[in-house]
Amino acid sequence: MEILKKMLFEKNHPGIQFLKYAFCGGFAFAADVVTFFIVAWFFFPALTQDDVFVRLLNLQVEPVSDAARTINFVICSALAFMVSNMTAYVLNVLFVFKAGKHTRWKELALFYLVSGISIAIGTGVGALLINVFGLTTTFSYVAKAFFATMINYAGRKFFIFHG
């Protein structure tokens, strides 16, 4: 039991830290996926009939132009970002990084700033893939998540928390 407690709350070992970051990131990613696709399906239509998500769940969606889908993709991404980023912040503070480099409010603001920059870049890439290349929303979403993840880890580790 003591070993498990040490693994969960020890924040110094880089290998364990990265594994915990990936695990916590998985939870935040799940929150993002669920929020994004619920909003894209019910509130701001951004899915097409040939989308992987639509085919897997055998959903019925109304046709949406690429222009409207691009705008709705950005809106859905922004809403999902708010939910997943708070999930990531709480989990990172609890299990991954050492807080205290900044005050709690400054730390939270920097967390959202770094994540906001990374998600803006990722969302721009995703919107470009839809608008210019006509790719599916799911493919564009995965590209957005990849770019955001790569930028987030470096920003969080080196600028926000105590490594």
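The values are calculated or read from the model by the stated rules, or taken from the named source; none is laboratory data. All figures in this text were calculated on a predicted structure; none of them were measured in a lab. Cβ: placed from backbone, ideal geometry, glycine included. Neighbour counts: every protein chain shown.
Points worth noting:
- Hey, Val34 part of a helix (DSSP H, G or I), under 17 Å from the mean Cα position of the chain (by Cα) and surrounded by fewer than 22 Cβ atoms within 10 Å (Cβ to Cβ) or not: yes
- Scanning region 75-89 for residues that are surrounded by 18 or more Cβ atoms within 10 Å (Cβ to Cβ) and of a type in the set (Val, Ile, Thr) yields a single hit, Thr87.
- Among the candidates Ala143, Ala120, Ala109, Ala68, residue that is touching a His at 6+ places or on another chain (Cβ under 9 Å) and without any contact (Cβ under 8 Å) to a residue 24 or more places away in the chain: Ala109
- Qualifying residue in region 90-111 (condition: at pLDDT below 90, in a helix (DSSP H, G or I), aromatic (Phe, Trp, Tyr) and buried (at least 16 other Cβ atoms within 10 Å of the Cβ)): yes
Yes/no matrix, rows are residues, columns are (1) assigned to a helix (DSSP H, G or I); (2) under 20 Å from Ala31 (Cα atoms); (3) under 14 Å from the mean Cα position of the chain (by Cα):
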site	(1), (2), (3)
Val54	yes, yes, no
Leu59	no, no, no
Leu79	yes, yes, yes
Leu129	yes, no, no
Leu135	no, no, no
Ala143	yes, yes, yes
Phe158	yes, no, no
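- Tallying residues that are in contact with a Ser or Thr (Cβ under 8 Å, 6 or more places away or on another chain) and under 15 Å from Lys157 (Cα atoms) within region 65-107 yields 1.
- Test: Asp50 is assigned to a helix (DSSP H, G or I) and touching a residue at least 40 places away in the same chain (Cβ under 8 Å): no
- Being in contact (Cβ under 8 Å) with a residue 40 or more places away in the chain and within 26 Å of Val114 (Cβ to Cβ) is a property that Ala40 has.
- The set of residues in region 119-146 being among the aromatic types (Phe, Trp, Tyr), surrounded by 15 or more Cβ atoms within 10 Å (Cβ to Cβ) and over 18 Å from Ile38 (Cβ atoms) consists of Phe139 alone.
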